[in-house]
Amino acid sequence: MRVSECIAVVTGGASGLGEACVRELAGAGAKAAVFDLDVEKGQKLAAELGGRIVFVRADVTSDESVREAIRKAMEALGGLDVVINCAGVGVACKALTKKGPMPLAEFNRVVQINLVGTFNVIRLALEQMVRNAPNGEGERGVIINTASAAAFDGQVGQPAYSASKAGVVGMTLPLARECADYGVRVMTIAPGLFNTPMLALLPEAVREALGKMVPFPQRLGRPGEYAMLARHIIENPMLNGEVIRLDGAIRMAPK
């Protein structure tokens, strides 16, 4: 699928990995809708990148919100070929803390946004993609999800985050097998330690120390490197049903 001819939706598109993907797509001539709850950042990004990029407020955990957001995006851009799911949250909390058991509502919140929210966007976007005319390879769409190295190497304090991302990994193959009948590919990227807003809250010295944990290159990943891989997935029709670790060969320690 040619990126220059794509119409994409990027969730969590106003910052971090999602913003990098929007910029990569815009630079390649694609059209894209930025789905995010941060209206100010989303509108600013769309205004900066021009008329081929639009912002649509969307809550990925809500059926009604995503349905309406997809409708608005398709109305504004003329279709839907690609979805890149980057919306997500992280939380550091043990199952048993000094104050008692981890609040169940907090565990549920992470799973709802990272896992259920990802599936919610997939199912509603897929409903539209199956109506697309197939290209020369028989493709009607591409779906790219975001997991994490934590899906495989979860650390102490990451039961909610790791579980949510492992769920994204787990649904990749069954979705790809189902979507094969529609000519829609499904892939997942599992980034390691990346310089995103989640890590930006940490002191610079801590972030430098984290970067040195990566075998090579010994630094935090750059959001643009995630976006480069997302673009290649869109363009390479043989990539389907797989999870790609993008982590500089890091394997996280227990703590």
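Read the figures in this text as sums done on the coordinates, not as results from a lab. Keep in mind that what you see is a predicted model, and the values were worked out from it rather than measured. Virtual Cβ from ideal backbone geometry, glycine too; neighbours counted across all protein chains shown.
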Tell me the label-point distance for the pair LYS94, ASP181, using the 7 Å Cα-to-Cβ offset, in nm and rounded to one decimal.
4.7 nm
Check which residues have an amide H placed less than 5 Å from ARG245's amide H, if you skip close sequence neighbours.
ALA190
On a straight-distance basis, which lysines could pair with LYS99 in a cross-link, Cα separation under 25 angstrom, same-chain partners fewer than 8 positions away excluded?
LYS255
Would you work out if the range 18-157 is rounded, prolate or oblate? Take a ≥ b ≥ c from the square roots of the eigenvalues of the alpha-carbon gyration tensor; rounded if a/c is under 1.5, else prolate when a/b is larger than b/c, oblate otherwise.
prolate
Surrounding charge for VAL184, neighbours by C-beta under 13 angstrom, Lys/Arg +1, Asp/Glu -1, total -1
I'd like the antiparallel share, as a percent to the nearest 5, of DSSP beta bridges with both residues in the chain.
5 percent
Full-extension gain in nm, ALA133 to ARG52, via 0.36 nm per residue minus C-alpha separation:
27.0 nm
Under a 10 Å cutoff between Cα atoms, tell me which one of GLY170, GLY117, GLY88 has the largest fluctuation in the Gaussian network model of the chain.
GLY170
Could you check which residue among LEU193, LEU126, LEU49 shows the biggest mean-square fluctuation in a GNM of the chain with a 10 Å Cα cutoff?
LEU49
For the chain, what is Rg from Cα atoms divided by 2.2 N^0.38 Å, rounded to two decimals?
0.98
In order through the range 240-245: 3J(HN,Hα) via Karplus (6.51 cos²θ - 1.76 cosθ + 1.60), integer Hz, x for Gly, Pro
7, x, 10, 10, 9, 6
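Using 0.36 nm per residue, how much length does the chain from HIS232 to VAL116 gain when fully extended, once their Cα-Cα distance is taken away?
39.2 nm is the gain from fully extending HIS232 to VAL116.
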Please report the base-10 log of the normalised intensity I(q)/I(0) for the range 61-111, using a Debye sum with one equal scatterer per alpha carbon and no solvent, at each q in 0.14, 0.32 (1/Å).
-0.57, -1.23
Let me know the Rg and Dmax you get for the range 1-63 when you use only its Cα atoms, in Å.
10.8, 32
